[in-house]
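Input: a single structure, listed below in structure tokens.
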Amino acid sequence: MSIPQNQKTESTRHKRWVKSTHFIITLSFLALTVSGYVILMSHPRLYWGKAGNDLTPALFELPISRNYHHGGWEKNIPFKHLTGSQVSAARTYDIFNENGWGRSTHFLAAWFLFAAGLIYFVAGFFSGHFRRNLAPVRREFSMKLLWADFVSHFRKQSYSSSKYGLLQKVTYLWVIFFLFPVIILTGFTMSPAITASYPFLLKIFFGHQSARTIHFFAAVLLVLFLLVHLVMVIRSGFSRNLWAITFGKES
Amino acid sequence: MKEKRLMNRRKAIFTGLTSAGALLLSGCLKKAPPTYGNILRMGDDLTYMVQRGILSQRALAMEYQRSDITSFPVTDIGNPADPTSKKAYNKEYQELQRDNFKDWALIVEGSVAKPGKYSMDALKKLSQRTQITRHTCEEGWSAIAEWTGVPLAAVLKDAGILHSARFVSFYGFDSYAESIDMLDALHPQTILAHTMNGEDLPARNGAPLRLRVETQIGYKNVKYLQRIVVTDKFADPGPDISSGWSWYTGI
């Protein structure tokens, strides 16, 4: 991939801290997605509520590993002194479980994402990046402009180093200020030590298993965002965009 | 004339973050478990140090209502009373179980003034605590049960724990073992449970006595307890670290 000199200087939009945090967040996000998928493979059942396991009903199950519907359980043994129908049963099936590296990779990558995200957040506020580049301005809120912006995404794209469009701004704001905070906080809600100190997390996300399910859906939405983001990056000039977000000089 | 500042904003943020990190590192580095140069274990240590540095160490894990109790899967390495179990079978345990654990006694040794054996009756006389808590498995599922047991702190106090003691190791008859630090060992909800959901600990839930550490993930909760060893130095009897798992599982 060779980039002509004049194009290099054209792609001069992103601040240095935007580029470096974007790079770290991209790598961490990929590591988190892969390790998160591996973790999900060891128990591909999702629930709603305070707790859930193979002996309780699932919200839905994903056929993503040999653990799906494995059925390797001994006979149910009821608890003698409980009035409900709760049972215990021993698992006889040798499950797929790579959580030794899966979990530790997930948390290590989460540390990088957290650190880079924190820098991005703080710098974004204080430098005026959020206000100047991401906050929509009032005149952008017209159905006509919104429709034109929407339709233009399906036309031929050309590389632009100027301001973001309205849909682009709203998407970025949604990802930065909603999806990332939700996925981080629901991650915290799965931690026994963190929820001991901050039990409100279990309240706002409706319990441990609800937090896990919300974490899953937030991850699905983030991956969808990544795909759309990549499609738009490719359609509007992949090499120039990539150059701009990685090495491009500051304006 | 342009005002000269001691440092600009970016420098201030950077310096703040690095010095906060350095404080955390220098304060705890000596106590951190070994990593054997593995980057994943370094991430585990970072999580351990930050959780120990930031979270309240006396905060109680969420306690639930009796109506929240769920079914409870058994997913350990095997039944120590079953001769066909390659990993877990223990002849001594099988014989103890045959006599309904009449001759069972917990060995407490290491950095204690009075090393010795505790019969079930002797343990029950020390102190009792009942809690309805959530078991959070690394696989992703969770289960809620009511546990009654002896606070580990009461056992350690009775055995005369020495000032030099830093870690406690737990050995099960199924040849499974784990260790925790003194902060978790002395946590009010860390108990040696002999009763589950109102009945004597059922066979496959860890009879006659099992560990409950409510501020960590499920695999720290050693079943079928045989022996407790208090150590001055870090011990990883399982071993978690060299087999590719995180020793600390607050998350």
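Largest mean-square fluctuation among B:LEU156, B:LEU209, B:LEU192, in a Gaussian network model of chain B whose springs join Cα atoms under 10 Å apart, belongs to B:LEU156. Between segment A:149-206 and segment A:65-123, the C-alpha centres lie 24 angstrom from each other. For the options A:SER85, A:SER197, A:SER210, a Gaussian network treatment of chain A with springs between C-alpha atoms closer than 10 Å singles out A:SER85 as fluctuating the most. Semi-axes of the equivalent ellipsoid for chain B, computed as √(5λ) from the eigenvalues of its C-alpha gyration tensor and ordered from largest down, come to 39, 19, 18 Å. Relative to the dominant Cα principal axis of chain A, helix A:143-152 is inclined by about 90°. What is the distance in Å between the Cα centres of segment B:33-51 and segment B:133-183? Cα centres, segment B:33-51 to segment B:133-183: 21 Å.
Remark: A:VAL182, B:VAL222 ranked as A:VAL182, B:VAL222, counting other beta-carbon atoms within 10 Å and listing the fewest first.
Of all complete DSSP H helices in chain B, those with a Cα span along the helix axis of 15 Å or greater and a mean Kyte-Doolittle hydropathy of -0.5 or more are B:9-28, B:39-54.
Stick to the Cα atoms of chain A, pair each with every other, and give me the Kirkwood hydrodynamic radius in Å at one decimal. In chain A this quantity evaluates to 21.2 Å. Placing pseudo-labels 7 Å out from each Cα toward the beta carbon at A:LEU230 and A:TYR164 gives an inter-label distance of 2.0 nm. Using a Gaussian network model of chain B in which every pair of alpha carbons under 10 angstrom is joined by a spring, one finds that among B:GLY78, B:GLY37, B:GLY116 the greatest mean-square fluctuation is at B:GLY37. Spread over its residues, the convex hull of the C-alpha atoms of the protein assembly as shown is 190 Å³ per residue. Peptide B:63-71 is shielded by partner chain Cβ atoms: per residue, an average of 5 of them sit within 10 Å of its Cβ. Residues in segment B:218-251 near a label at B:GLU109, defined as backbone nitrogen under 20 Å from the 7 Å Cα→Cβ point? Once the point is set 7 Å along Cα→Cβ of B:GLU109, B:222-239 turn out to lie under 20 Å by backbone N, inside segment B:218-251.
Computed on the Cα trace of segment B:126-251, the radius of gyration divided by the Kirkwood hydrodynamic radius gives Rg/Rh = 0.94.
When the convex hull of its Cα atoms is viewed from all sides, segment A:188-251 shows a mean projected area of 6.8 nm².
For the pair segment B:71-90 and segment A:29-50, the centres of their Cα atoms are 27 angstrom apart. Take the cross-link list B:LYS114/B:LYS233; B:LYS125/B:LYS223; A:LYS80/B:LYS87 and give me the ones stretching past 24 Å between alpha-carbons. Those over the limit are A:LYS80/B:LYS87. Using the basic label-point model (7 angstrom from Cα toward the beta carbon), what is the A:PHE125 to A:THR92 distance in nanometres? Calculated label separation equals 5.7 nm.
Counting Cβ atoms of other protein chains within 10 Å of each residue's Cβ and taking the mean over peptide B:238-248 gives 2. The calculated FRET efficiency for the pair A:PHE177 and B:LEU60, based on their C-beta separation and a Förster distance of 30 Å, comes to about 0.40.
Between the helical axis of A:180-189 and the dominant principal axis of chain A, each derived from Cα atoms, what acute angle in degrees is found, rounded to the nearest 10? So the helix axis and the longest Cα principal axis differ by about 20 degrees.
Rounded to the nearest 10 degrees, the inclination of helix A:208-235 to the longest alpha-carbon principal axis of chain A is 30 degrees.
Readers should treat all values here as calculations from the given coordinates under stated rules, not as data from a laboratory. Since the model is a prediction, treat every value here as computed from it, not as a measurement. Cβ atoms come from the backbone with ideal geometry, glycine included; neighbour counts cover every protein chain shown.
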